[in-house]
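K.L.:
Could you have a look at this structure, given as structure tokens, before my questions?
The values are calculated or read from the model by the stated rules, or taken from the named source; none is laboratory data. This one's a predicted model, so the numbers in the text were calculated from it and none came from an experiment. Glycine also receives a Cβ, built like all others from the backbone with ideal geometry; neighbour counts cover every protein chain displayed.
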Ligand SMILES: [Zn+2]
């Protein structure tokens, strides 16, 4: 187990234990047990997954829109996430059914499949230096995504500055300003999305330019509104038809009365 001084979002300095148990820490397990279990891999799968989700949600939609190809030297590139191949081999069959894409074995929960990957398929991990996506968590605001209460935590200027530096270096290597107009636009966007908020002097919130979730929120809102308005619409149509039927019925009855009245 390697204890790192990892600077979290908004400059929170935290001591986290890396390894398979990552951010949650290791409870009741000895150093040897964990090292043996993770086969010497010092990178949190959970935090790497969170970092990937953040990139996928708040950066990739813009990258796709610009039709920009991220270079493999950029640490955000899929090849630079040592868990990416395993994550791609997760099959979520049902709510309580996770399947291993390599050997088709089924598990009740994702965490058991994670353990299975660690035990059975660790040889498939793309282990090499600089491929731990969790190491970018400080720059990408993983802690804020994991626990939104951290927003209220006291800011640490040294950690904020360290995160900002890492963030800006990512923007520079992944979207170099010299790489053309698309790269320049994405460079600016990366700074707005992730780097500007690494300050203790009340900077903007992270992910200020939105991401995938925003469109889905709008979609959900429209769907909900449609679901509410649809019965109202049908009720109005029904009322109108009922009124028309009553009207026709009354019209039919009037001549009959007149016919009956004739013999008198
Ligand atoms: Zn398997």
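K.L.:
Mind checking which pairs have a first residue in region 144-155 that is more than 12 Å from residue 206 (Cα to Cα) and a second that is at pLDDT 85 or above and surrounded by fewer than 16 Cβ atoms within 10 Å (Cβ to Cβ), Cβ under 8 Å, 6 or more apart or different chains?
P.N.:
These pairs meet every condition: 155/200.
K.L.:
Tell me the helices (runs of 4 or more DSSP H) entirely within region 27-76 that contain at least 1 residues that are surrounded by 13 or more Cβ atoms within 10 Å (Cβ to Cβ) and modelled with pLDDT under 95. Steps first, please.
P.N.:
Values: elements: 31-38, 45-58, 60-65.
Per the criteria, 31-38, 45-58.
K.L.:
Do we have residue 205 as out of contact with any helix residue (DSSP H, G or I) (no Cβ under 8 Å at 6 or more places or on another chain) and farther than 23 Å from residue 64 by Cβ here?
P.N.:
Working: out of contact with any helix residue (DSSP H, G or I) (no Cβ under 8 Å at 6 or more places or on another chain): yes; farther than 23 Å from residue 64 by Cβ: yes.
When the stated conditions are applied, residue 205 passes them.
K.L.:
In addition: What single numbered condition from (1) closer than 19 Å to residue 80 by Cβ; (2) at pLDDT below 95 fails to hold for residue 146?
P.N.:
Against the list (1) closer than 19 Å to residue 80 by Cβ; (2) at pLDDT below 95, residue 146 comes up short only on (1).
K.L.:
So residue 20 clears everything in (1) under 22 Å from the mean Cα position of the chain (by Cα); (2) at pLDDT 95 or above; (3) in a loop (DSSP other than H, G, I, E, B) except one condition, right? Which one?
P.N.:
Among (1) under 22 Å from the mean Cα position of the chain (by Cα); (2) at pLDDT 95 or above; (3) in a loop (DSSP other than H, G, I, E, B), residue 20 violates only (2).
K.L.:
Hey, which of the helices (runs of 4 or more DSSP H) in region 82-170, taking only ones fully inside, have at least 2 residues that are within 13 Å of the ligand (Cβ to nearest atom)? Don't jump to the end; show me each part of the working.
P.N.:
On the way: elements: 84-88, 110-120, 137-140, 142-146.
So the answer is 84-88, 110-120.
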